[in-house]
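Take this structure, written in structure tokens, and hold onto it; I'll ask about it next.
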Amino acid sequence: MTATAQAPAPVREAIVATGVARSFGSVHAVQDATLTVPAGSVTALIGPNGCGKTTLMLMLSGLLRPDAGTITVAGHNPSTDAAAVRASIGWMPDQLGSWDNLTCLQTLTLMGEAYRIPRATARARGVDLLARVHLSEFAERPARVLSRGQKQRLSLARALVHDPGVLLLDEPANGLDPRSRIELRTLVREFAGEGRAVLVSSHVLAELDEMVDDAIFMSQGRTLGDDAAAMVADAKTKYRVDALEPQVLHEALAAYNVPFEAQEYGAIVRIDDAHKAAQALAWLVQQGVAVHRFGPVGSALEQTYMAMNEERR
Ligand SMILES: Nc1ncnc2c1ncn2[C@@H]1O[C@H](COP(=O)(O)OP(=O)(O)OP(=O)(O)O)[C@@H](O)[C@H]1O
Ligand SMILES: [Mg+2]
């Protein structure tokens, strides 16, 4: 395994933020953000353009000072102990400024040295990380030759160079091709598996569904808390069932005594969990209902997002 694969010391709640606010003049970018991100898990940060996601992440990473509220990252306060927070956090900004004349490996080595990692160790870690993000062939090439998606991957490697326990990824899938997106998903799950806490913002909600353990919704500078969590949980209980003869399906569902909405193609059925879904499907098949599709209605995060009061700034 790579040097980065050593699990950092676990902190149960890696990020805790309470009542965080930040304004730019008269623009109240973040008004009241409260969230926790546990170690060993991936949490999504979701909300419309301009709702304050990037501003919140900048405050969590210690790059921007909050006007109000408290933040703890890996047990440290970014306002009073910025150095400790920087050492424990990996920040992947939404737009990478790269040093165009440096090679990819030089970029990572230099970044590692900035974190006081000895040059040889930083270089070895850079080699490992470039392999991990599939950029090994670009190790000795200047960053300016990289495509947009490749720059994104270099940015991800850069966030990991000091082996941080907490990762803040601001729209990491931006500009990635389909294969790179799938690989990013796998990598992000690996990071969590290594005990890291990951907070990831994205507008591609269907993609987040498969990547995250939990989601935080933001609207107009505020985190939505339990209301949104309840909506996500509710959305996860909707299953779509398609049958060759919908009428037969409706009769069978009525007899099974499960809540459903009849549809032309079949039904939307309320089922609490995967275990009960398996039982319901087995029962329907046993009753001779010709089911040709059975599964969750779609992205629970997307449904929740669309149900939220949509606003754009
Ligand atoms: N440095 C700044 N000066 C003035 N206003 C700012 C500054 N940074 C952010 N804002 C404003 O704060 C609000 C929140 O911006 P932010 O970048 O945090 O949104 P976001 O949720 O990340 O949006 P997006 O999905 O488009 O990335 C916006 O109205 C933005 O115009
Ligand atoms: Mg943003």
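Per residue of segment 238-250, what does 6.51 cos²θ - 1.76 cosθ + 1.60 with θ = phi - 60° give for ³J(HN,Hα)? Whole Hz please, x for Gly and Pro, Karplus curve as stated.
9, 10, 9, 10, 10, 9, 5, 10, x, 4, 5, 4, 4
What accessible area per residue, rounded to a whole number of Å², is obtained for the chain using a probe radius of 1.4 Å? Can you show the working numbers first?
Values: 15010 Å² over 313 residues.
Result: 48 Å² per residue.
Out of all DSSP beta bridges with both ends in the chain, state the antiparallel percent to the nearest 5. Could you put the intermediate results ahead of the total?
Numbers: 29 of 48 bridges.
Bridges in the chain are about 60 percent antiparallel.
Enter the angle in degrees (range 0 to 90, nearest 10) between the Cα long axis of helix 274-286 and the first principal axis of the Cα atoms of the chain, meaning the one along which they spread out most.
Once rounded, one gets 30 degrees.
Looking only at Cα atoms, what is the convex hull volume of segment 209-264 per residue, in Å³? Can you show the working numbers first?
Details: hull volume 7.1 nm³, N = 56.
It comes to 127 Å³ per residue, whole-number rounded.
Continuing with this model, one more query. With a point put 7 Å past each Cα toward its Cβ, work out how far Asp67 is from Val248 in nm, to one decimal.
Distance between the two pseudo-spin positions: 6.4 nm.
Taking 0.36 nm per residue of separation and subtracting the Cα-Cα distance, what length does fully extending Lys276 through Asn77 add?
Full extension from Lys276 to Asn77 adds 67.2 nm.
Now for a separate question. In whole Å, what are the Cα extents of segment 221-313 along the three principal axes, biggest one first?
Here the Cα extents, ordered largest to smallest, are 52, 25, 18 Å.
Ignoring ligands, DNA and RNA, what percent of the accessible area of the chain is carbon or sulfur (1.4 Å)? Don't skip to the answer; put the middle values down first.
Details: 7540 of 15010 Å².
Carbon and sulfur: 50 percent of the exposed surface of the chain.
What does segment 13-224 give for Rg and for Dmax, in Å, if only its C-alpha atoms count?
Taking only Cα atoms of segment 13-224, I get Rg and Dmax of 16.6, 48 Å.
On to the next question. Mind listing P(r) for segment 157-236? All alpha-carbon pairs, 5 Å bins, whole percents.
3, 12, 23, 24, 19, 13, 5, 1
Continuing with the same structure: Treat segment 117-268 as a sphere of radius equal to its Kirkwood radius over Cα pairs and apply Stokes-Einstein at 20 °C in a medium of 1.002 mPa s; give the translational diffusion coefficient in µm²/s, rounded to a whole number.
On the way: Rh = 19.0 Å.
Rounded to a whole number, D works out at 113 µm²/s.
Here's something else I'd like to know. Strictly greater than 17 Å: what percent of every Cα pair in segment 36-79 meets that?
On the way: 356 of 946 pairs.
Roughly 38 percent, once rounded to a whole number.
Compute the acute angle (0 to 90°) between the alpha-carbon long axis of helix 178-193 and the principal axis of greatest extent of the alpha-carbon atoms of the chain; round to the nearest 10°.
Result, in degrees: 80.
Same structure again: Among Ala87, Leu301, His275, which residue has its Cα furthest toward the positive end of the charge dipole of the chain, with +1 on Lys/Arg Cβ and -1 on Asp/Glu Cβ?
So the residue we want is Ala87.
May I pose another question? In terms of Cα to Cα distance under 24 Å, which lysines are near enough to Lys236, apart from those fewer than 8 places away along the same chain?
Counting by Cα, and skipping residues close in sequence, Lys236 has these lysines nearby: Lys276.
So, one more: Under the 0.36 nm per residue contour assumption, what length would be gained going from the current alpha-carbon distance of Asp213 and Ala290 to full extension?
Numbers: separation 77, 0.36 × 77 = 27.72 nm, distance 3.39 nm.
Extending this stretch completely gives an extra 24.3 nm.
If you find the alpha carbon centre of segment 58-121 and of segment 249-304, how far apart are they in angstrom?
48
Given R₀ = 51 Å, what would the calculated FRET efficiency be for Ser136 paired with Ala255, taking r from the Cβ atoms and rounding to 0.05? Provide the component values of the computation, followed by the final result.
Numbers: r = 59 Å, r/R0 = 1.17.
Using R0 = 51 Å, I get an efficiency of 0.30.
Here's another thing I want to ask about it. Have a look at Gly175, Gly97, Gly112 and tell me which one the Gaussian network model of the chain (Cα, springs below 10 Å) gives the largest fluctuation.
Checking each option, the largest mean-square fluctuation is seen for Gly97.
Turning to a different aspect of this structure: Hand me the GluC sites (Glu not before Pro) from segment 127-188 located in a DSSP loop with no more than 11 other Cβ atoms within 10 Å, in residue order please. Mind showing how you got there, number by number?
Working: sites: Glu137, Glu140, Glu183; in loops: Glu140.
Answer by residue number: Glu140.
Cα axis of helix 119-132 to longest principal axis of the chain: angle in degrees, 0 to 90, nearest 10?
Compared with the principal axis, the helix lies near 20 degrees.
The values are calculated or read from the model by the stated rules, or taken from the named source; none is laboratory data. These figures come from a predicted structure and were not determined experimentally. Cβ sites come from the backbone with ideal geometry, for glycine too, and all protein chains shown count toward neighbours. These area figures cover heavy atoms from the full protein model, side chains too; ligands, DNA and RNA do not enter into them. Shrake-Rupley method; radii C 1.70, N 1.55, O 1.52, S 1.80 Å.
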